[in-house]
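To start, the structure under review is shown below, and the notes come after it.
Nothing in this text is a laboratory measurement; each read-out follows from the coordinates by a stated rule. Note that the structure is predicted; figures quoted are calculated from it, not measured. Ideal geometry is used to build each Cβ from the backbone, glycine not excepted, and the neighbour counts take in all protein chains shown.
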Ligand code: SF4
């Protein structure tokens, strides 16, 4: 999996203290993007999903957030990562510049697998004119915090 960086201790990418995995590559090119160095799909390093899971397992935190970049650019690896984190008992949030509806319309097996296993999707592009610094865990008011799993 192409990964820009891993933060072992974040309090701003979802509730509680979390491990955050920033994936490389983003096609959305939002105006005002806080992280344009993440756009290059060849940026960062190639790491195995297993090595990421080992790092997650070694952390004391309850949560894992996958952000970017655009995590859904690597759907197969993302689904393995999300499944693996859930198997470790972690709460999993995934950020994406796509809307949930756009992801569902892809009818892609791996994408659907992520949506079936992640706890929360934070969706939508960052829209500079809708910037709202009072929002928790998202930058602009069009972005939604969607609880996926749910029974
Ligand atoms: S989706 Fe996120 S990383 Fe991608 S361009 Fe938009 S703000 Fe930047």
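Rounded to the nearest 500, the helix-only mean residue ellipticity at 222 nm of the chain stands at -7500 deg cm²/dmol, with each DSSP H run of n ≥ 4 adding -39,500 (n - 2.57). Of all DSSP-defined beta bridges confined to the chain, some 50% are antiparallel rather than parallel.
For the options 65, 129, 96, a Gaussian network treatment of the chain with springs between C-alpha atoms closer than 10 Å singles out 129 as fluctuating the most.
Only Cα sites of the range 2-147 enter the Debye sum here, all with the same form factor; the resulting log10 I(q)/I(0) across q = 0.09, 0.12, 0.14 1/Å is -0.24, -0.43, -0.60, listed in q order. Highest mobility in the GNM of the chain, judged by mean-square fluctuation with C-alpha springs under 10 Å and restricted to 17, 120, 56, is found for 17. Listed by Cβ neighbour count within 10 Å, with the fewest neighbours leading, 28, 117, 34 appear as 34, 28, 117.
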